[in-house]
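Notes to accompany the following structure.
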Amino acid sequence: MKKLKKRRDLAQICKRLRGEGNKIVFTNGCFDIIHAGHIRYLKRAKRLGDVLIVGLNSDTSVSGIKPGRPVNSEKRRAEVLEALSMIDYITIFRELTPYMLIKALKPDILVKGGDWKKKQIIGHDIVHVTRSLPYVKGISTSGIIEKIKKISH
């Protein structure tokens, strides 16, 4: 099964899944360089429901919020995410925030990492349950990039 879907197709899939009684969990992010923190986070997110959807920031969206990024293209980032068993569906969003995507998909649970406070989480006002999962200290894409820069100099 191809996990990468267009927004409108995924909205229809969500409608069907909800009708079948499935609990849909949504998260989003850049997922530029996948690391252990991402894996732990995605596993925890999946355990909250039946279906895990990842909204992936497009290259344009990433560059708008993280200078000098992404390291990997949206196509490559999506390919890596598709290989992860805990993820059921992926969709790429081009906006700076996933607000309109969340509105279209209507997930039951919205999840972000522990560095986000509930009121800061985009879409908390339109989803019934918003969760902030524990942040894995000392593991971040930015930290990995900095370490690589130090090694290469």
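The values are calculated or read from the model by the stated rules, or taken from the named source; none is laboratory data. Here the structure is a predicted model, which means the values were calculated and not measured. A quick note on method: Cβ atoms are made from the backbone with ideal geometry, for glycine too, and the neighbour counts reach across all protein chains shown.
Worth pointing out:
- Residue-level analysis places Tyr99 among those that are under 17 Å from Gly123 (Cα atoms) and aromatic (Phe, Trp, Tyr).
- All conditions in (1) touching a Cys at 6+ places or on another chain (Cβ under 9 Å); (2) on the phi > 0 side of the Ramachandran plot; (3) at pLDDT below 95 hold for Gly68, with the sole exception of (1).
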